[in-house]
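Below is one structure, written out as C-alpha cells, with a few remarks after it.
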Amino acid sequence: GKSHEGRDLIYMIISSEENIININSIKEDLQKLSDPRELKDPEKIIENSVVSAWMMYSIHGNELSGGDAALQLAWQLAAGTDSTTLEIINNVLVGIDPFQNPDGRERYLQQIQQIGSKINNPDDQRLSLFGLWPNGRGNHYLFDLNRDWFILSQPETEARIKTQLEWNPQLVI
C-alpha cells in the first residue's frame, strides 16, 4: 500500500531457501489453518508446515529505534549462521514490516534536522528530546495508528491488515 503522503508501505519475508521455494504452498497451508472448521486433518498441516511470525515496527513515527531494530533483525536472519538463527529460518516464515508509519517518521526526522544542535544541551526538558507539535506519533492526519485496528480508516492500517490476512501469521509482534 501507500501512506497518505504516497510513501510505499513495504514488508519483507525472510526464511530458509527451501521455505522460500515452497512459499506458495506454505501460504496455502496458513490460509487453510486460519479457518480449520472445514479441514479433515489440520494436525497434518500443523506438523508439516512452518510457523508464520509477523514483526511490525515503528507504528509511531517518532519511535525511530523500531525501524533500526527491524533492519537489524532482517540482517541477522539473512546473514546469521549461528544455530539459533538457522533454527528460526528453517522453521519460521518471518514477515517484517519495518515502518508502519512512514509519514510520521519523516515529519519527526525533519524536526530533528530543524532543532538539532552541534552543541550538547544537558537539559532533560530540551526540545530535541520531545520534538515540536505535531510530533511524529501520528500519521499525515495526526491519527494514532494504534487506534485504527478495528475502524480501518487509514491507508496504513488497511494495507497492514490486508497483508496479515494474506499471510495469516500465528504470531504477531
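The values are calculated or read from the model by the stated rules, or taken from the named source; none is laboratory data. Nothing here was measured: the structure is a model prediction, and the numbers come from that model. Cβ sites come from the backbone with ideal geometry, for glycine too, and all protein chains shown count toward neighbours. The protein model used for the area step is the full one, side chains on, heavy atoms only, and it has no ligands, DNA or RNA in it. Shrake-Rupley method; radii C 1.70, N 1.55, O 1.52, S 1.80 Å.
If you take the residues in region 80-111 that are β-branched (V, I, T) and within 22 Å of Q170 (Cβ to Cβ), which one is most open to solvent (accessible area, probe 1.4 Å)?
We begin by selecting, within region 80-111, every residue β-branched (V, I, T); these are 81, 84-85, 88-89, 92, 94, 96.
If we keep only those that are within 22 Å of Q170 (Cβ to Cβ) as well, we get 84-85, 88-89, 92, 94, 96.
Values: T84: 86, T85: 8, I88: 65, I89: 23, V92: 29, V94: 6, I96: 0 Å².
Once the filter is applied, the top-ranked residue is T84.
If you scan region 121-133, which residues turn out to be assigned to a helix (DSSP H, G or I) and either open to solvent by 70 Å² or more (accessible area, probe 1.4 Å) or modelled with pLDDT of 90 or more (or both)?
Here is the first cut: in region 121-133, the ones assigned to a helix (DSSP H, G or I) are 127-130.
Scanning region 121-133 gives L127, L129, F130.
Restricting the search to region 16-26, which residues are of a type outside the set (D, E) and either surrounded by fewer than 16 Cβ atoms within 10 Å (Cβ to Cβ) or not in a helix (DSSP H, G or I) (or both)?
Step one: filter region 16-26 for residues of a type outside the set (D, E), giving 16, 19-26.
Selection gives S16, I20, I21, N22, I23, N24, S25.
Could you check, for region 30-40, whether at least one of its residues is in contact with a strand residue (DSSP E or B) (Cβ under 8 Å, 6 or more places away or on another chain), buried (at least 20 other Cβ atoms within 10 Å of the Cβ) and modelled with pLDDT of 95 or more? Outline the logic, then answer.
Our first condition is that a residue be in contact with a strand residue (DSSP E or B) (Cβ under 8 Å, 6 or more places away or on another chain); within region 30-40, this holds for 30.
In the following step, the residues that additionally are buried (at least 20 other Cβ atoms within 10 Å of the Cβ) were identified as 30.
Cutting the leftovers down to modelled with pLDDT of 95 or more gives us none.
There is no residue in region 30-40 that is in contact with a strand residue (DSSP E or B) (Cβ under 8 Å, 6 or more places away or on another chain), buried (at least 20 other Cβ atoms within 10 Å of the Cβ) and modelled with pLDDT of 95 or more.
Starting from region 53-72, take each residue that is farther than 17 Å from T163 by Cα and list its partners that are among the hydrophobic types (A, V, I, L, M, F, W, C) and assigned to a loop (DSSP other than H, G, I, E, B), counting only C-beta distances under 6 angstrom and pairs at least six apart or across chains.
G67/F99
Residue check, K118 against (1) in a helix (DSSP H, G or I); (2) more than 19 Å from the chain's Cα centre (by Cα); (3) farther than 19 Å from E63 by Cβ, all met but one. Which one?
Every condition holds for K118 apart from (1).
Can you tell me which residue in region 41-58 is surrounded by the most Cβ atoms within 10 Å (Cβ to Cβ), limited to those that are over 30 Å from R107 (Cα atoms), touching a strand residue (DSSP E or B) at 6+ places or on another chain (Cβ under 6 Å) and aliphatic (A, V, I, L, M)? Talk me through it step by step, then tell me what you get.
Taking region 41-58 first, the residues over 30 Å from R107 (Cα atoms) are 41-52.
From what's left, touching a strand residue (DSSP E or B) at 6+ places or on another chain (Cβ under 6 Å): 50-52.
Add one more test, that the residue is aliphatic (A, V, I, L, M), and what stays is 50-51.
Working: V50: 21, V51: 15.
Across region 41-58, the extreme among qualifying residues is V50.
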